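Written below as structure tokens is the structure these notes are about.
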Amino acid sequence: MNEGEKMVKTTSYLFVVLVVTSFRASSGHGRLLEPPSRSSLWRFPNQFPGAVPNYDDNGLNCGGRSYQHFSVDGNCGICGDKWIKGSNVHRPHEAGGKYAKGIITRHYGNSDVINVTIQVTASHKGYFEFRICPNNDVTKPATQDCLNGHLLSLEDGSTKFYYGAKTGFYHMRVRLPGNVVCSQCVFQWKWTTGNSWGVSPSGEGCVGCGPQEEFYGCSDISIGDNSASFDIIPTVNDAENEKTTTTTTAATTTLNSSVEVKNRTTADVLRNTSSCHGSETYKNTDGIDDWCSKHCAMGDCPKSHCVCSDEESTEQPAEQPGEQCHAAGVFANDPAMEGWCVNNCRGGFCPRTHCSCVGDEPRTVACMAVGVWTAISGMNEWCELNCQLGFCPASHCLCV
């Protein structure tokens, strides 16, 4: 072989390597948007103000195919975090981590068929699966064993959604189990991709055979007893500036026999709920006024959806002269949250999970678990966080 032939062969080889490398660099990515995943809450600023942004929320792939399957024996965090051998550090998307704040994003009834939305930003073939784990403790990481015990079915009865090869938004209908009730369930999306070459257990070599890249997403949801009444309530999907309206099921939790009606929040006891109606965003939605009247009376009165005309007499007073409010906790030093706290605390909505006010008598409300929930670790913190965000079931929590 002369020098010219060698150069042509070498150039051809380099061209192939560059083409393959370029192809792999544009490999698949995706994110769980409904119910909103822990890493994507920031994409819904109207529903979850001040959520910590993860600009790589479409890349939770266990550190990549090679790392996951050939360096750590296929291990991965349940939400797609890279598995670090021998590490006791909290993974960012699991309890105690940067993005796992215990925020319950959706409330369903058992046996409900729920809307699930996945956005695929770069195609990678393969299939989706969905699982839940009744964890009931936002401070405790869920386990894959727990999730594997509750593989969910699609509306047609199958457990795998083969999405093809197109990018975009994929909307599925997934059925929740009828025997699960939880104050906190971890909802897991798993995408097993299918465009890497490998060898199957039978020895066949092909694209899609053998270990493949995996993507994950986790959302915190609650599931109530469907023997109570459940209604459909809309949610605005403002992810990626998509201004479409989707629907999700909101649950009212059955009062346990050991929990008296007196365990409502102070505001709920004083409120004439017939004066509650849909917020500006939802005022034109059929049935929203009746939904707000009924659910606000039961302690489930999300401020994003409902407004009560007597709230000024039952909520915290507006910010007084001399009082200064600023972002607190994980939101401290965030300029956007500083402005959010100033404006919202002045208007009477001042969650201690997000804001702190100084200069006057504290206006904060303490929330805690009641009834059978007092025996569950982490429920006081669950009530403290979620009551301040508008979800405060009287069967679970009391605010004083």
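Descriptive notes on the structure:
- Within the span defined as segment 121-132, one or more residues are over 22 Å from Ser183 (Cα atoms), modelled with pLDDT of 90 or more and of a type in the set (Asp, Glu).
- Single unsatisfied condition, Lys101 versus (1) at pLDDT 90 or above; (2) within 27 Å of Ile223 (Cβ to Cβ); (3) of a type in the set (Lys, Arg): (1)
- Apart from one condition, Arg91 fits all of (1) out of contact with any strand residue (DSSP E or B) (no Cβ under 7 Å at 6 or more places or on another chain); (2) modelled with pLDDT under 90; the exception is (2).
- If you check Thr159, Thr143, Thr139 for being touching a helix residue (DSSP H, G or I) at 6+ places or on another chain (Cβ under 7 Å), on the phi < 0 side of the Ramachandran plot and in contact (Cβ under 8 Å) with a residue 24 or more places away in the chain, only one passes: Thr139.
- Taken as a whole, segment 364-374 holds at least one residue that is in contact with a Cys (Cβ under 8 Å, 6 or more places away or on another chain), crowded, with 16+ Cβ neighbours inside 10 Å, in a loop (DSSP other than H, G, I, E, B) and at pLDDT 65 or above.
- Restricting attention to segment 91-113, the residues being assigned to a loop (DSSP other than H, G, I, E, B) and either of a type in the set (Gly, Ala, Ser) or closer than 18 Å to Asp57 by Cβ (or both) number 15.
- Qualifying position, being more than 14 Å from the chain's Cα centre (by Cα) and either free of Cβ contacts under 8 Å to residues at least 24 places away in the same chain or more than 22 Å from Cys133 (Cβ to Cβ) (or both), among Gly59, Gly74: Gly59
- Residue count for segment 41-62, restricted to those that are among the hydroxyl-bearing types (Ser, Thr, Tyr) and farther than 30 Å from Lys85 by Cβ: 0.
- Residues in segment 307-321 include none that are modelled with pLDDT of 75 or more and closer than 19 Å to Gly102 by Cβ.
Rundown of residues vs (1) in contact with a Phe, Trp or Tyr (Cβ under 6 Å, 6 or more places away or on another chain); (2) at pLDDT 85 or above, yes/no style:
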| residue | (1), (2) |
| --- | --- |
| Met172 | yes, yes |
| Val181 | no, yes |
| Cys185 | no, yes |
| Lys190 | yes, yes |
| Gly198 | no, no |
| Gly208 | no, no |
| Asp220 | no, yes |
| Val236 | no, no |
| Lys243 | no, no |
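The values are calculated or read from the model by the stated rules, or taken from the named source; none is laboratory data. Here the structure is a predicted model, which means the values were calculated and not measured. Positions of Cβ are backbone-derived with ideal geometry, glycine not excepted, and every protein chain shown enters the neighbour counts.
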